[in-house]
Amino acid sequence: MSPEKREFLRNFVGMYDIKTAADLQDAVKDLLGDTIKDMLEEEMNEHLGYEKYKHSDNPDSRNGYKSKEIMSSAGSITIDVPQDRDSAFEPKVVKKRQKDINAIEQKIIAMYARGMTTRNISDTIMDIYGFEVSEGFISDVTDKLLPKIQEWQSRPLEDVYPVVFIDAIHYAVRDEVGVRRKAAYIVLGISASGHKDVLGIYIGENESAKYWLSILNELKNRGVKDILIVCADGLTGIKDAIEAAFPQTEYQRCIVHQVRNTLKYVSDKDRKAFANDLRRIYGAPSEELALGELDRAAEKWQQKYPNSMKSWYKNWDAISPIFKFSSETRRVIYTTNAIESLNSIYRRLNSQRSSFPGDQSLLKALYLATMEATKKWRLPIRDWGKIYGELSIMYEGRLPE
């Protein structure tokens, strides 16, 4: 379990004084009831055209609440349904005379987590339940996630992370100019216990040392005192930013990206042979042997692809740190396997929609996708005990005992 989940559970148990399974069920019902009430309040705002305690020329107005008992996946819940003086308000989240919300609750959670557009969610609710909810209403409801996202983005972090990955996924986002491609930068940490944790999600600034320094400083302000290795692609300015924020941290160029960038301009018929030659480089037992394989590959492909290996020589100082580690530790550090499985979930968001209506919409979808993905992150990285011992020797005195 991640540290933030433990903290949430401690607060949750303390807030509700949970001592038995029955106490837990009552606490969950209380939270669910409050959430449904918030959604009903949003519906009433939309019906009347103004928010509670605001002035309006609408002759209709709020007229208190009516209690109603409903069945949910958490058991029987009593909710307060807002009323209006004209009795014209027709609740949609929990309709009049509706006594069971199990299906609606599960469907809404699933649709949010899958990053469906507000239009698709509205259409799906109409198809399944036979009533219409506006895209604006769905957007208002999901905007209630923003304070949770802000709290999650600013939560305290651990003192030391042995490995931190930084990667980017690109999305089409609409703004006042039109539709632009924006990067969502995902920062994923491997904790001292070997568990994965998404430390933050950052949308679309121009890459620069200043930008990356601000993100790394934010991690420091949230409690991170040391990072042993940062693994990333050749992000503009990242190396200088790491040196400024964490002077002892090693920057490891992501080998997966390095290989992909090299093979990008290689013809299909040569790609397999070329990839095998590259594998001999990053799979070499030592840096000396790796340099020999690099020279052989450069000479072999020089005539056909004269510029293909230049980036390997240019970035060798950021590629070479891997060669001091065992194969088990290399697999964790020099590839982005830990983050690639997460990225596959993020990429599905692109298949759900052609573009996002803004940065906030993208952030909400990424947050929900992250929460869904991290439910399965219960076990530490494979062979973590051996890897941790190796890192403790290589970076003596920097990891917890």
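Please enumerate the residues belonging to the stretch 221-235 that are assigned to a strand (DSSP E or B), among the aliphatic types (A, V, I, L, M) and farther than 18 Å from Asp159 by Cα.
Ala232
Taken together, Leu40, Leu31, Leu9 contain a single residue that is of a type outside the set (Val, Ile, Thr), modelled with pLDDT of 80 or more and not in a loop (DSSP other than H, G, I, E, B), which is Leu40.
Looking at Phe246, is it modelled with pLDDT of 90 or more, of a type in the set (Phe, Trp, Tyr) and within 24 Å of Asp159 (Cβ to Cβ)?
For Phe246, the condition - modelled with pLDDT of 90 or more, of a type in the set (Phe, Trp, Tyr) and within 24 Å of Asp159 (Cβ to Cβ) - is met.
Once the stretch 19-53 is narrowed to residues that are farther than 20 Å from Asp80 by Cβ and touching a helix residue (DSSP H, G or I) at 6+ places or on another chain (Cβ under 9 Å), the residue that is surrounded by the most Cβ atoms within 10 Å (Cβ to Cβ) is Leu24. Condition test on Ala284, is it within 30 Å of Gly194 (Cβ to Cβ) and not in a helix (DSSP H, G or I)? So Ala284 fits the description; yes. Return yes when Lys196 is of a type outside the set (Asp, Glu), surrounded by fewer than 19 Cβ atoms within 10 Å (Cβ to Cβ) and in the same structural domain as Ala373 (by TED's automatic domain parsing) and no when it is not. No: the conditions fail for Lys196. Checked against the criterion of being surrounded by fewer than 21 Cβ atoms within 10 Å (Cβ to Cβ) and not assigned by TED's automatic domain parsing to the domain that holds Gly385, the candidates Lys220, Lys210, Lys225, Lys148 yield just one match: Lys148.
The residue that is farthest from Gly14 (Cα to Cα), counting only those in the stretch 25-56 that are free of Cβ contacts under 8 Å to residues at least 60 places away in the same chain and among the aliphatic types (A, V, I, L, M), is Leu48.
Which one of Lys375, Lys364 is of a type in the set (D, E, K, R), touching a helix residue (DSSP H, G or I) at 6+ places or on another chain (Cβ under 9 Å), over 20 Å from Val163 (Cα atoms) and assigned by TED's automatic domain parsing to the domain that holds Asn276? Walk me through how you get there before you give the answer.
On the way: Lys375 fails: touching a helix residue (DSSP H, G or I) at 6+ places or on another chain (Cβ under 9 Å).
Result of the check over Lys375, Lys364: Lys364.
What number of residues in the stretch 142-175 are small (Gly, Ala, Ser) and not in a strand (DSSP E or B)? Residues flagged as small (Gly, Ala, Ser) and not in a strand (DSSP E or B) within the stretch 142-175 amount to 1. Of all the residues in the stretch 285-304, those that are within 14 Å of Phe274 (Cβ to Cβ) and surrounded by fewer than 17 Cβ atoms within 10 Å (Cβ to Cβ) number 6. If you go through the stretch 292-315 and keep only what is in a helix (DSSP H, G or I) and free of Cβ contacts under 8 Å to residues at least 24 places away in the same chain, you end up with Gly292, Glu293, Leu294, Asp295, Arg296, Ala297, Ala298, Glu299, Lys300, Lys310, Tyr313, Lys314.
Taking the stretch 236-254 as the range and being under 22 Å from the mean Cα position of the chain (by Cα), outside any strand (DSSP E or B) and under 18 Å from Thr329 (Cα atoms) as the test, only Cys254 passes. Screening the stretch 325-401 for helices (runs of 4 or more DSSP H) wholly inside it with 1 or more residues that are at pLDDT 90 or above returns the ranges 327-333, 384-394.
So which residues in the stretch 153-199 are more than 18 Å from Ile229 (Cβ to Cβ) and hydroxyl-bearing (Ser, Thr, Tyr), if there are any at all? Working first, answer last.
Applying the first criterion (more than 18 Å from Ile229 (Cβ to Cβ)) to the stretch 153-199 yields 153-156, 168-184.
The answer is Ser154, Tyr171.
The values are calculated or read from the model by the stated rules, or taken from the named source; none is laboratory data. Please read these numbers as outputs of a predicted model, since none were measured by experiment. Methodologically, a virtual Cβ is constructed for each residue, glycine included, from the backbone with ideal geometry; neighbour enumeration extends over all protein chains shown.
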